[in-house]
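Remarks on the structure that follows.
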Amino acid sequence: MSRNVKRRFRLRLILEGCGTGLAAGLSVGVFRYLLGASEDFRQIVYENIRLAAGEGRWLFPLLYVAAFVAIAWMLAKIVAREPMCTGSGIPQVKGILMGRMSMGWASVMVAKIAGGVLAIGAGMSLGREGPSVQIGACAGQGIGRLSQSSDRGLEARTLLVAGAGAGLAAAFNAPLAGVIFGLEELQRTFSAAGLLVSITAAVTAAAVTELFFGSSPVFSLGYLLPMPLDMLGWLAVLGLFVGALGRMFNPSLLWAQDFYERLGLKGMCKPLLPLLLAACLGFVLPEILGGGNRLVDALAVESYSLAFLCLLFAGKFLFTMLCFGSGVPGGIFLPMLVLGALGGAIFGHLLAAAGLFPAMYLPDMIVFGMAAYFAVVVKSPVTGSVLIMEMTGSFQHMLALLIVSLSAYAVSDLTGGRPVYGELLDRLLRRNKGREKKILSRVDKIKKSVIK
């Protein structure tokens, strides 16, 4: 390949990366805006319901329950019409890169945005990051189609990975984490061309969303004190503690999906179960509704008791399992980080109560807990460390984040844990294979009946 050809190829990759980042940034920006508006609207609705109930007016609460039933019906219709929009979306992207799955980028993008806003906005404990990754991947696939790249060609795969990373960058204002996630978790191979497109797309997507949402970190934890060197040993212990908590996450997700199948729930009944529970939790434990980023901010400023922190952890864990198991569009990324933050807060309170750790470093433990939980569940310690660093703005904690992440990663590795998205993909492929067998058996029966 001549120098001029190489130069034109690199220029084309940069332009495609900019286009992918622009499309991903705008799409995820719309998604983020609608999610924020729906969460604000949810709080207003709960306040009005309390006021109406106090005045003896029960028509409004009844309409509220009817709205949840309508949301369950709409979610069931969306999932039935576009099955590739279910769940996180990251396993689907991995399946496409393996050549085992395919998707129509436009219909999946619309279904993911609409379904995610309905589910998360109604209070289901799901995150925006997985859907944002799939939305970004749809943008990358769309740009690939416009540039006439083949679906299975190297250029199309590169744009798909770049779009997925751009989606994560746009979701969390984390361009560096978006690049590393695409290369470490999705592609798992490094090339100059892939790195060039991924960086261009992630930076462009982050710039687009910053125009609308600002450049402040996703989590507002205030100023975090640097950890003294003589306390770094506690971080390894924190990694082991949070790692043990996070080790339950993956099998629980799979169990929750099997739970719905054992119940035999179908159609709108599947999302209706967690939605009705969300309607009740909004009055008794509203902190665990939605993705949970506001709960992380509250942990740094509110003086929650140890018992209440344990209640929040157990409630968030169980509610997340119930919501994700229903199969509606929504991710586990943000609820997973919230669980890690709660685990770090619990560990910090235990040490502070025993006089082993200064209480002024408790916000730091929240940050390190998120990195540890991510490392044990996703098994991508580098991505987790960089992501938490960008999401919290704690750039001086890179060494501490790596220590706690590697310690938690060791827990998963020594106990035979697998990456959560790989396990979800395997289950998804097994289910699709079973459906294919059923379809083939029906076709064989039809053929035999026709022959007879």
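Quick notes on this structure:
- Any hit, the stretch 237-248, residues being of a type in the set (F, W, Y), assigned to a helix (DSSP H, G or I) and open to solvent by 20 Å² or more (accessible area, probe 1.4 Å): yes
- Qualifying residue in the stretch 62-70 (condition: touching a helix residue (DSSP H, G or I) at 6+ places or on another chain (Cβ under 8 Å), assigned to a helix (DSSP H, G or I) and modelled with pLDDT of 90 or more): yes
- Subset of the stretch 212-226 that is in contact (Cβ under 8 Å) with a residue 24 or more places away in the chain and over 20 Å from R32 (Cβ atoms) - its residue that is surrounded by the most Cβ atoms within 10 Å (Cβ to Cβ): L224
- Output for the stretch 264-278, where each listed residue is part of a helix (DSSP H, G or I) and either open to solvent by 10 Å² or more (accessible area, probe 1.4 Å) or in contact with a Gly (Cβ under 7 Å, 6 or more places away or on another chain) (or both): C269, K270, L272, L273, L276, L277, A278
- Qualifying residue in the stretch 192-203 (condition: free of Cβ contacts under 8 Å to residues at least 60 places away in the same chain, open to solvent by 10 Å² or more (accessible area, probe 1.4 Å) and more than 20 Å from the chain's Cα centre (by Cα)): yes
- Considering residues of the stretch 299-337 that are under 14 Å from the mean Cα position of the chain (by Cα) and among the β-branched types (V, I, T) only, the residue nearest to M370 (Cα to Cα): I332
- Those residues of the stretch 1-17 which are at pLDDT 75 or above, of a type outside the set (D, E, K, R) and open to solvent by less than 90 Å² (accessible area, probe 1.4 Å), in sequence order: L13, I14, G17
- Each residue in the stretch 368-402 was checked for being at pLDDT 90 or above, closer than 20 Å to L224 by Cβ and of a type outside the set (S, T, Y), and 7 of them qualify.
- Of all the residues in the stretch 101-159, those that are open to solvent by 10 Å² or more (accessible area, probe 1.4 Å) and more than 21 Å from F333 (Cα to Cα) number 23.
- Condition met for L229 (free of Cβ contacts under 8 Å to residues at least 12 places away in the same chain, open to solvent by 40 Å² or more (accessible area, probe 1.4 Å), in contact with a helix residue (DSSP H, G or I) (Cβ under 9 Å, 6 or more places away or on another chain) and within 26 Å of S394 (Cα to Cα)): no
- Within the stretch 18-55, restricting attention to residues that are basic (K, R) and at pLDDT 80 or above, the residue that is farthest from V117 (Cα to Cα) is R42.
- Here R294 meets the list (1) modelled with pLDDT of 90 or more; (2) more than 30 Å from A80 (Cβ to Cβ); (3) within 18 Å of the chain's Cα centre (by Cα); (4) of a type outside the set (S, T, Y) almost entirely, failing just condition (1).
- Any hit, the stretch 286-298, residues being open to solvent by 30 Å² or more (accessible area, probe 1.4 Å) and either assigned to a loop (DSSP other than H, G, I, E, B) or aliphatic (A, V, I, L, M) (or both): no
- Number of the condition not met by F317 [criteria: (1) over 19 Å from A408 (Cβ atoms); (2) open to solvent by 10 Å² or more (accessible area, probe 1.4 Å)]: (1)
- Any hit, the stretch 21-30, residues being of a type outside the set (S, T, Y) and more than 20 Å from the chain's Cα centre (by Cα): yes
- Every listed requirement among (1) open to solvent by less than 30 Å² (accessible area, probe 1.4 Å); (2) farther than 20 Å from G291 by Cα; (3) among the polar types (S, T, N, Q) is met by S305 save one, (1).
The values are calculated or read from the model by the stated rules, or taken from the named source; none is laboratory data. What you see is a predicted model, and the numbers here were worked out from it, not measured in a lab. As a convention, Cβ positions derive from the backbone with ideal geometry for all residues, glycine included, and neighbour counts pool all protein chains shown. Please note that ligands, DNA and RNA were not included when accessible areas were found on the heavy atoms of the full protein model with its side chains. Shrake-Rupley method; radii C 1.70, N 1.55, O 1.52, S 1.80 Å.
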